[in-house]
Every structure is written in C-alpha cells, then in structure tokens.
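What follows is a set of notes on a single structure, which appears directly below.
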Amino acid sequence: MSAAQPPDNSREYPANRLPFPGNLDALKIISLPMRRYGILLILGLFLAFIAFQARTGIFRLKHSGEPANKYMRQMMENPQLSEADAAIMREKYGTAHLNPSGLRYLERNPGTGAPPPLGAKVTVDYDAYLLDGTKIDSSRDKGAHLDFRIGTGGVIKGMDEAVAMMKKGEKRTLIIPWWLAYGEESKGPIPARGTLVFEVELLDYH
C-alpha cells in the first residue's frame, strides 16, 4: 500500500491569487495613503514633543542645578538692575559709556600709551562706593596700591574688564552692576545684588 499523498491545493489557490477574498490592487490603493497619514501623524507628535521639551525642559537632566525652563535661563543669562538702581543710574550716570557686559564708565582723565595686555601685572588706586554714595573701601585710605594680573580672576569681573581697557595714568569712574561684582551674595557692607561705583586710576603695569 502506498503512503497517503497530501492534498493538492494548487487548484484551489492559484499562484497569482491570495488565499482569501479581496483584491490586491484595491488593498494597495487603500494602504498607501494610510501609511502616509501614519508617518505624518508620528512626525507631528515628535515635533510637538520637541517643542514641549524645549519650552518646559521637563525631561532635562544635564546640569540639573540650572533652571530647566529656557526662558528662566535666558533671564539669568541676561540679568537686570533693580528699578531703584536703574533710576539712580539714569539720574547720576546717564552719560556713562555702556559696555555689552553691562559695565558703565566715565573717563575722568585720559592716559597715555596702550592698555595693558592679558596677564600684565597692573597697579591701581581706587575708592569704592555703594550706589547710594556710601564709601566702603579705599586703597588710598589704606596707603597701599592694589596689584593684580589682568584676566586671571584676581579681582571682581567689572574691575578686571575696566582696567584692561585703561591706559597708564588714566582715571575712570566705574559703575559695576551686581553680576560683575559680588553677585547674589552679600559681602560685608555690600548687599546682595549690590551695584558698586569705583573711582580708579591706573598707575602702572608691566
């Protein structure tokens, strides 16, 4: 007896037909726009997520100590004076030169030569005041000049920036905003976010 042969289904399902009812061309026509709409939907959701993340920073993990919201970060990166300080500045120092950093200065006496280069050791005399005119420090009162090197962080940023632009013998009034001075923290008689005024003379550098 010969072994049983498997049924031949080739007559029921020809090679050029699907083994279920329907028209292949019709399915292709329907599925093509569905795929397009699906891709557009996924792309739209992805772009919406990116916009949400950029605005809120809700999933931002790197530098977790910084504000997540980009608008808050921009405010911190572009600090502002208080309304009271801004009013005093307009009244007393309205003609001062303004640097991009926020440093303001008035030239009192021109110097000679070129400004000190980066890393040069400078010698200055200064009187320091709060914005309301309260005197808080003075090298002249101490009878000792101030020496520091340009660009090395030896003094507050506003002083470093200003002296780097001065010439030997030059005198300037510097109005240094709090973000170029001692920042958010108080220091002795200097309040938090305290704007400072310096009367500075560049005596020498080498």
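Quick note: the coordinates plus some simple rules give every number you see, no bench work behind them. In this text, all values refer to a predicted model and were calculated from it rather than measured experimentally. Neighbour counts run over all protein chains shown; Cβ positions are idealised from the backbone, glycine included.
The table for this structure:
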{"read-out": "Lys142-Thr95 pseudo-label distance in nm [points 7 Å out on the Cα-to-Cβ vector]", "value": "3.2 nm"}
{"read-out": "Local net charge near Ser139, Cβ-Cβ under 14 Å (Lys/Arg +1, Asp/Glu -1)", "value": "-4"}
{"read-out": "Principal axes of the stretch 77-206: Cα extent on each, largest first, Å", "value": "40, 29, 28"}
{"read-out": "For Ile50, Ile190, Ile176, order by how many other beta-carbon atoms lie within 10 Å, fewest first", "value": "Ile50, Ile190, Ile176"}
{"read-out": "Loop chymotrypsin sites (Phe, Trp or Tyr not before Pro), the stretch 108-206 (other Cβ atoms within 10 Å of the site Cβ: 15 or fewer; DSSP)", "value": "none"}
{"read-out": "Over the stretch 83-205, relative contact order from alpha-carbon pairs under 8 Å, at least 6 apart, %", "value": "32 percent"}
